[in-house]
């Protein structure tokens with residue numbers, strides 16, 4: 001597997017995770033749960049996709065009892081809960097409405 005194919009796979013899994021979260025906005029699960037129940041993909045591939053989504057501000061990460069749980073960020077405009085700016089989401093991971101919301105938030 002070449003790095004380009006690997007990166008393409010990560011983006012595809014990230015899109016699948018976002019699709020699941022759009023259909024189930026209150027869903028939260030661990031990386032292992034997401035890999036086995038939401039997208040049926042390899043754990044390490046899901047882990048990389050979640051890293052990308054959390055970094056873009058689309059997904060939140062909360063730790064409970066030593067386990068990280070991931071869910072849809074209810075404020076994906078790029079502003080964190082503490083008021084600081086988060087990195088802008090990467091193109092291709094957002095719906096057109098989310099892209100418009102991000103553009104209008106400037």
Candidates 14, 27 - the one that is under 22 Å from residue 74 (Cα atoms) and buried (at least 20 other Cβ atoms within 10 Å of the Cβ):
14
Report, by residue number, each residue of segment 31-56 that is surrounded by fewer than 17 Cβ atoms within 10 Å (Cβ to Cβ) and not in a helix (DSSP H, G or I).
40, 42
Is there any pair with a first residue in segment 46-57 that is under 15 Å from residue 33 (Cα atoms) and a second that is not in a helix (DSSP H, G or I) whose Cβ atoms are under 9 Å apart and which are 6 or more apart or on different chains, and what are they?
46/39; 49/39; 49/41; 50/59; 50/61; 50/68; 50/70
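A short reminder: the numbers here are calculations on the coordinates, not readings from a lab. Just so we're clear, the structure is a prediction, and the values are computed from it rather than from any experiment. Don't worry about glycine lacking a Cβ; one is built from the backbone with ideal geometry, like all the others, and counts go over all protein chains shown.
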